[in-house]
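First the structure, in the form of structure tokens, and then the observations on it.
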Amino acid sequence: MTEDDNIRIEELFREASLQEIADDGFTDRVMACLPVEECAVRPIVPQVSEADAADGRRRWLLANLWTAACVAAGIVMVIAGRGWEQPATYLYVLMRTIPTFDIVAFCHLLLLSGTVIAAAIWLLHRLDSMSVVLCKKDPKQVFHDMS
């Protein structure tokens, strides 16, 4: 298709969108007859027993406490080991020597970084989609659904 064809098609659709098709109120009558409740989207809430709900809350609390403990331990390790000095030194040296970089060698580093980031995003997506599967109680069902 040429540019002229695209322009003609856009003009045709623009003109057609301005036209109103007379239906003698048919659309309004149909919409008035539709039940409102069936048109609304309702979330599907699974039925959970009280014991399962309490177990879920306990697991959620333990997961959050474990996450907080790990973050606190990481912060303590960074502070105790002066974890900011080495990256700051590397960044300083990088900024001072960037005019002397061989751009071809630098492209390999960028390619490696992009690959690692893409793999991390893929893994995060895969783990996020598996979270529903891992909550099931039957181990045979879990391994069957993961394939």
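Within segment 118-147, being open to solvent by less than 100 Å² (accessible area, probe 1.4 Å) and modelled with pLDDT of 70 or more holds for ALA118, ALA119, ALA120, LEU123, ARG126, LEU127, SER129. One residue stands out among those in segment 50-77 that are modelled with pLDDT under 90 and among the aliphatic types (A, V, I, L, M): the one that is least open to solvent (accessible area, probe 1.4 Å), which is ALA53.
The set of residues in segment 78-97 being of a type in the set (A, V, I, L, M, F, W, C) and either touching a helix residue (DSSP H, G or I) at 6+ places or on another chain (Cβ under 9 Å) or modelled with pLDDT of 80 or more (or both) consists of VAL78, ILE79, ALA80, TRP84, ALA88, LEU91, VAL93.
The values are calculated or read from the model by the stated rules, or taken from the named source; none is laboratory data. Computed from a predicted model, the values in this text were never measured in an experiment. When we count neighbours, we look across all protein chains shown, and the Cβ atoms used for this are built from the backbone with ideal geometry, even at glycine. For the accessible areas, the whole protein counts, side chains as well, though only heavy atoms, and no ligand, DNA or RNA atoms are used. Shrake-Rupley method; radii C 1.70, N 1.55, O 1.52, S 1.80 Å.
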